[in-house]
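Throughout, read-outs are computed from the coordinates displayed, never taken from laboratory work. Computed from a prediction, not measured in an experiment: that's the story for all the values here. Note that we place each Cβ from the backbone using ideal geometry, even for glycine, and neighbour counts take in every protein chain shown.
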């Protein structure tokens, strides 16, 4: 009697092709992954975690209205505050630039910082921790998936704001401006990862505090005005919050020659602060994620929901 | 048999009188409000909760006051500063009221996964959502009062208890609360149809309204078409009513030279009667529209199986 061959064995799937069975002498040997395999697995993790975020945009188009058009109107409200005060035109440019950058702050805080808390609540966090992947890959995948909508929102706020409100940028050093923008994003991602590690341990505190600190963070970051006007508070913000230092540098670079844009430090010095923040935040996040995972497992909080 | 008799004779019988229905709805509202308050407040100690409640509205006022100070070289117009403080404090209520219902719905569907059970219970889902939203509104009231207190004590808001126009203030507040809740119902109706990421929708809608209601600047600086849109929103009249009641004779958000109001009526600023009439008409229209939108949304959600659909991404 002829034995039936399973169809999967006859035509191997793509997944079967990737995960070839390899006989090993012990579980320890099986766990010895090559560097290439580790990198490829983490890259796949990032793509896999970014995918639902990107495809979700296509499936639920209402975000275009609620997350792009309406936030632009919010930014417009602050433009009209300055118009009511008959402020110089570059102040309106500050509001437009700040409005664009809030998209990235929101992305980092809500889709990276608080995300592990959400995952815990939904029962996914323990699954993440049991897979052979880095949590930083998961977090970066989530944030990069959301970056699509954030970039679109920021670009529209900048372009439409410039057109509708007649903002004229005076940029002399495009390279430094682009570098500061990229460094602001990397420092923000590091900051978001540190928050994410803290929120693994926390329960509802994470969500409530993130929500409550949004406006205070905007205030000390000088979202709509030069942060130097806050004096000592602005200086402290520059040394702690990537949004504050990034905005201050970008404002100086985007409105060169305006007396109103005097920053706390020069744009070059602020770029160095951002480099330092990036290195420190990502390093601290790496250690903190491991430590918090260990603590959460030790204290049994990984699967604690609604806490 | 005894069990059957117990069920038949219990309060759970389907045919209830109108009075019993109202009593049950009130009890459901109270229970939901209690749960809402506990969800909002018992995650921390009272001190941190107090800071949490006031940090957001105070920071929002601080942003605007620094903007004023920066432009005016440190000497802002006291009248405009009072205008901003009162408008910004009251705006906290709008944020809390509008977000409360929508977030309760999203919480129960996406996180606690209880929405379908709540829907199946004998109480109207809307009553339960209103109860849950009431807790967030209560926290917003606390934030608004403290922001106003800070404005009076430290920011030079000219508030005199003896000059308060109570006949304008009380109905303005009552109608304003109704309109805020109505807008919250609209947001709940929208979020019932959308995905988990709609957490940000209430803030986005409130932020857009911030532009057209004269919360922190007079409508007269806006293009005329936008001013007309603003006059159709009850929050515009509510803010004007509360502002004129608390600080009589203060800068008007609706009127002023070059405003649509002045062109249409020939008067520079609206009087108390006009404010209350405008608020009443827009509130009634908004409330009826909100209830119709909610009814349609609930029906559609049931038809399409959205009540227990989780959409995490």
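Across A:127, A:265, A:183, mean-square fluctuation computed from a Gaussian network of chain A (C-alpha pairs under 10 Å connected) peaks at A:127.
In vacuo Debye scattering of the range A:60-167, one point per C-alpha: log10 I(q)/I(0) at q = 0.10, 0.11, 0.15 Å⁻¹? After summing over all Cα pairs, the log10 values are -0.39, -0.46, -0.70. Here chain B has an Rg and Dmax of 21.7, 83 Å, counting Cα atoms alone.
What is the distance in Å between the Cα centroid of the range A:194-247 and that of the range B:144-178? The range A:194-247 and the range B:144-178 have Cα centres separated by 30 Å. For residue A:159 and residue B:169, the FRET efficiency from 1/(1 + (r/R0)^6), where r spans their Cβ atoms and R0 equals 56 Å, is about 0.80.
Pair-distance distribution of the range A:169-280: all C-alpha pairs, bin width 10 Å, starting at 0; shares per bin in whole percent are 15, 43, 30, 10, 2. The stretch between residue A:148 and residue A:204 holds 17.4 nm of extra length on full extension. This uses 0.36 nm per residue minus the Cα-Cα distance. Computed over the Cα atoms of the range B:152-254, what is the convex hull's projected area averaged over all directions, in nm²? Seen from a random direction, the Cα hull of the range B:152-254 projects 8.2 nm² on average. Working value for the range B:176-313: equivalent-ellipsoid semi-axes of 34, 15, 12 Å, each the square root of 5 times a Cα gyration tensor eigenvalue, largest first.
This ranking places B:253, A:26, A:149 by how few other beta-carbon atoms lie within 10 Å of each, fewest first, which gives A:26, A:149, B:253. Taking the C-alpha atoms only, the angle from helix A:89-108 to the longest principal axis of chain A is near 20 degrees.
Which value, in nm² and rounded to one decimal, describes the direction-averaged projected area of the C-alpha convex hull of the range B:183-230?
Seen from a random direction, the Cα hull of the range B:183-230 projects 3.8 nm² on average.
To the nearest µm²/s, what D does Stokes-Einstein give for the protein assembly as shown at 25 °C and 0.890 mPa s, using the Kirkwood radius over alpha carbon pairs as Rh?
Rounded to a whole number, D works out at 92 µm²/s.
Here r is the Cβ-Cβ distance between residue A:175 and residue B:299 and R0 is 51 Å; the resulting FRET efficiency, rounded to 0.05, is 0.35. Of the residues A:86, A:32, A:252, the one that moves most in a GNM of chain A with alpha-carbon contacts below 10 Å is A:32.
Report the Stokes-Einstein translational diffusion coefficient (µm² s⁻¹, integer) for the range A:28-70, Rh taken as the Kirkwood radius over Cα pairs, at 20 °C with viscosity 1.002 mPa s.
Translational D for this selection: 165 µm²/s.
GNM remark for chain B: springs join alpha carbons under 10 Å apart, and the peak mean-square fluctuation among B:21, B:88, B:172 falls on B:21. Using the Cβ-Cβ distance between residue B:31 and residue A:47 with R0 = 56 Å, the FRET efficiency computed as 1/(1 + (r/R0)^6) comes to roughly 0.75.
Size of the range A:121-189: Rg and Dmax of its alpha carbons, in Å, are 17.8, 53. With a ≥ b ≥ c the root eigenvalues of the C-alpha gyration tensor of the range B:150-196, is it rounded (a/c under 1.5), prolate (a/b larger than b/c) or oblate? Oblate.
The label point for residue A:168 and the one for residue B:263, both projected 7 Å from the Cα toward the Cβ, are 2.9 nm apart. Between residue A:233 and residue A:130, the simple label model (points 7 Å from Cα in the Cβ direction) yields a spacing of 4.8 nm. Ordered by the number of other Cβ atoms lying within 10 Å of each residue's own Cβ, fewest first, A:47, B:275, A:92 fall into the sequence A:47, A:92, B:275.
Distance distribution P(r), chain A, all Cα-Cα pairs, bin width 20 angstrom from 0: 29, 51, 17, 3, 0 percent. So how far, in whole Å, is the C-alpha centre of the range A:85-116 from the one of the range B:41-110? Computed from Cα coordinates, the inter-centre distance equals 17 Å.
Between residue B:77 and residue A:30, the simple spin-label model (points 7 angstrom out along Cα→Cβ) gives 7.6 nm.
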